[in-house]
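None of the figures in this text is laboratory data; all of them are computed from the coordinates on show. No experiment lies behind these values; they were computed from the predicted model shown. With ideal geometry, Cβ positions are generated from the backbone for all residues, glycine too; neighbour counts draw on all protein chains shown.
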Amino acid sequence: MITVDNLRKNYFSDKSGKFAGIGKENGLSFEVNDGEVFGVIGPDGAGKTTLFRILASLLLPDSGSATMNGIDVVKNYKQIRRIIGYMPGRFSLYQDLSVEENLRFFATVFNTTIEENYDLIKDIYQQIEPFKTRRAGALSGGMKQKLALSCALIHKPDVLILDEPTTGVDPVSRKEFWDMLKRLKEQGIIILVSTAYMDEASRCDRIALMRDGQFIATDTPQGIIDAYAETLWAVQTENMSTSLNDLRSCSEVLSCFAFGDKHHITVEHGFTKEELSGFLKEKGYRNVKIEAISPSVEDCFMALTKD
Amino acid sequence: MKQFFAFVKKEFYHILRDGRTMLILLGMPVVQILLFGFAINMDVQHIRTAVYDPSQDETSRQIVQRITANPYFDMQGEVYSMQEIQDLLRRGDIDMAVVFDEAFQTNLVHSGKSQIQIITDASDPNLGTISTNYVLAIIGQYQQEMMGLTGIPYQIDIKSKLLYNPEMISAYTFVPGIMGLVLMIICAIMTSISIVREKERGTMEVLLASPLRPATVLISKTIPYLTLSFVNLISILLLAVFVLHVPIQGNLLLLIAVSILFIFLALALGLLISTLVRTQVTAILIAGLGLMMPTLILSGMIFPIGNMPQPLQWLSALVPARWYIAAVKKIMIEGLGFIYVIKEVSILVGMSVFLIVFSIFNIKTRLE
């Protein structure tokens, strides 16, 4: 079990030129239960990596505390490093070593062998085993990810910390990756995963929506969606780029965001589709399609960060 | 211990698989030794010389002939007044003028004494001194031959005895210096880059999040590079002996042992640098340029330490290459044994221990 209590870490970011970090207003507090996949979801710069690095004992928090299975991540960092499997956001294996050499190296680093824990990584490693003599740098994005996961798992960690594991990975490999996480979860491993892809949220047991270093909502994916109270419509017109601004100019439309080939809008209570359709026709749009839709996690995120 | 060996193995893979870098690391010392060996050549050649010989007698003719025949001098011809010499020197047309006494031979034969004046362009003091010495040597040799022939002890008694390097071949004095410089820089660059590369590529983050101890990482980084540097040392010694013709007078094993100690020190210095910087570029700048200047200037390789102002002398005591170069000079050129280099060796050992301990103490257990 992971317990995080009132965690704060602020620093000056050279990249954005402003203060970044987590828990600036209220310290972060949350718990992750055994055998749970906990997703931290938010855009770039939300503080996901900072949070994960603190939990992986790689950064010191300014204040607050965090424990994993009762072990403090600051005081007992050496013990923490034995029980976690950490996969940084950037591919961080040795590109000039082969697949097998990488795995063997990390197994030895963690005082174990590939053979000892082979059953744990078997499902994943079997997919890249045909390429085991290939240098890691020559692997595809999806295969790199599988190798990195194998290396993070080789010592049978209690907690798996995955920082944006699916960024830059093709959709098929992403789906496979989440299937693998599901199987690992069944082995009782706590999985802490972050992503900027909102559509991956539903694969987690519980998610925290994160922005500007704060959790703006923590619940099951369904719970987050159920809490959505707005009237949500998807609108399609012939000219999508101009209609975005025209929709926003309509006084009854509360918010309007582009979602691929549709605009998702929320409207005031009592406003009807016919009224909106009339508004758009007046603006000169034809073939207007409006339908009520159920919200996705992304809609919830937009609604929660609107103000 | 298994972790340690796995790490050493991994480092060897990195080195062996990066052919280009390995070529640079093994080729650079060779190029540097050759460049330094030939470029920092203090043997003065092509000394443009003019002669003013009012006496025009047999003895002076013979001496002029010898100077002309010497490959170090480019005889520019005769002049006929002191004024002419001054003009030529001022215009930079000649580097040196040899002026004979009037009635040179007569004086020599009758009073047993005669005079030769050597005027050199001393705007480069080294050049001035060295060319004067050359002429002195030529005249001295001539005198001895005359004495052998005639049995009369003419009184131009020039004795100059240069210990260890009677021919003034500068490679003798420079090779130890170059060895110190090249080994210091190559080794420090190698280790500092290898750790900083792990930081840059993000692999350090994974290593930190593992039970691997930072000290293990540091120490195991030195082993492969120690091996590589040993290859470099051998190639440097081979070049010194067979290309620069510097003989190894002392015990070869002692020389190699002291060199390995110095290599270890330089590797440790590289480790320390790597714990302080974040990017490979900074590591190269600090290890390359930052070490180059003090090593060149304060090690005694070019400028004698005894001539430096006191504060610089104290500073030079901190430059490891100073002690290594001193030890190599003693072993390689002077052929002295271990007892004579105990001081240097102890200082090098002390510095290595300090650097290793300090780097281990300094290495961060977290990302900064």
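Would you please give the FRET efficiency between B:Met293 and A:Asn26, computed as 1/(1 + (r/R0)^6) with r the Cβ-Cβ distance and R0 = 51 Å, to the nearest 0.05? Rounded to the nearest 0.05, the efficiency is 0.45.
For the cross-link pairs A:Lys9/A:Lys156; A:Lys24/A:Lys182; A:Lys146/B:Lys199; A:Lys122/A:Lys175; A:Lys48/B:Lys199; A:Lys132/B:Lys10, the ones whose C-alpha atoms lie over 24 Å apart are A:Lys9/A:Lys156; A:Lys24/A:Lys182. Counting every other Cβ atom within 10 Å of each residue's Cβ, A:Thr166, B:Thr216, B:Thr365, B:Thr282 order from fewest to most as B:Thr365, B:Thr282, B:Thr216, A:Thr166.
Relative to the Cα centre, the charge distribution of chain B, modelled as +1 at Lys and Arg Cβ and -1 at Asp and Glu Cβ, gives a dipole magnitude of about 2560 debye. Based on the Cβ-Cβ distance of A:Glu275 and A:Ser202, what FRET efficiency does E = 1/(1 + (r/R0)^6) give at R0 = 22 Å, to the nearest 0.05? Computed FRET efficiency for A:Glu275 and A:Ser202: 0.10. Based on Cα contacts under 8 Å between residues 6+ apart, chain A shows a relative contact order of 20 percent.
How far is helix B:125-150 tilted, in degrees, relative to the longest principal axis of the Cα atoms in chain B, given as a value from 0 to 90 rounded to the nearest 10? For B:125-150 against chain B, the angle is about 50 degrees.
Relative to the first principal axis of the alpha-carbon coordinates of chain B, what is the inclination of helix B:170-201, with its axis defined by its Cα atoms, in degrees from 0 to 90 and to the nearest 10? Approximately 20 degrees, to the nearest 10.
Calculated on the Cα set of the range B:1-128, radius of gyration then Dmax: 27.6, 88 Å.
Taking the Cα centre of the range A:2-224 as origin, work out the dipole magnitude from +1 charges on Lys and Arg Cβ and -1 charges on Asp and Glu Cβ, in debye rounded to 20. Around 500 debye, computed over the range A:2-224. In this simple spin-label model, placing a label point 7 Å from the Cα along the Cα-to-Cβ direction at both B:Arg213 and A:Ala138 gives a separation of 3.8 nm. Other protein chain C-beta atoms within 10 Å of residue C-beta, averaged over A:22-35: 0. For chain A, the spread of Cα coordinates along the three principal axes comes to 71, 45, 37 Å, biggest extent given first. Considering all alpha-carbon pairs of chain B, what whole percent are spaced by more than 27 angstrom? In whole percent, the share of Cα-Cα pairs in chain B beyond 27 Å is 58.
Size check on the range B:208-299: the Cα extents along the three principal axes, sorted descending, read 52, 29, 19 Å. Kirkwood hydrodynamic radius of the range A:1-147, from the reciprocal of the average inverse Cα-Cα distance over all distinct pairs: 17.4 Å. Could you check which residue among A:Tyr11, A:Tyr118, A:Tyr77 shows the biggest mean-square fluctuation in a GNM of chain A with a 10 Å Cα cutoff? The residue with the greatest mean-square fluctuation here is A:Tyr11. Using a Gaussian network for chain B with springs between C-alpha atoms less than 10 Å apart, which of these wobbles most: B:Glu344, B:Glu11, B:Glu78? Result: B:Glu78 has the largest fluctuation of those listed. Across A:Asp205, A:Asp62, A:Asp158, mean-square fluctuation computed from a Gaussian network of chain A (C-alpha pairs under 10 Å connected) peaks at A:Asp62.
Here r is the Cβ-Cβ distance between B:Gln117 and B:Leu149 and R0 is 22 Å; the resulting FRET efficiency, rounded to 0.05, is 0.30. Put a plus charge on the Cβ of each Lys and Arg, a minus charge on the Cβ of each Asp and Glu, and nothing anywhere else: the dipole of the range B:47-150 about its Cα centre is then about 200 debye. Expressed per residue, the C-alpha convex hull volume of the range B:197-251 stands at 100 Å³. Taken residue by residue and averaged, Cβ atoms of other chains lying within 10 Å of the Cβ of A:77-83 number 3.
Using only the C-alpha atoms, the convex hull of the range A:235-307 corresponds to 93 Å³ per residue. Start at zero, step by 10 Å, and the Cα-Cα distances of the range A:112-262 spread as 9, 29, 28, 18, 11, 4, 0 percent across the bins. Would you mind checking the range A:87-115 for residues with the amide N under 13 Å from a putative spin-label position 7 Å along Cα→C-beta of B:Arg17? What the label zone holds, given the 13 Å backbone N cut-off, is A:93-106.
Relative intensity of the protein assembly as shown on a log10 scale, I(q)/I(0) at q = 0.07, 0.09 Å⁻¹, equals -0.68, -0.89, per a Debye sum over C-alpha point scatterers of equal strength in the absence of solvent.
Listed by Cβ neighbour count within 10 Å, with the fewest neighbours leading, B:Glu334, A:Glu25 appear as A:Glu25, B:Glu334. Between B:Thr49, B:Ile118, B:Leu291, the Cα set farthest toward the positive side of the dipole of chain B (charges on each charged residue's Cβ, about the Cα centre) is that of B:Leu291.
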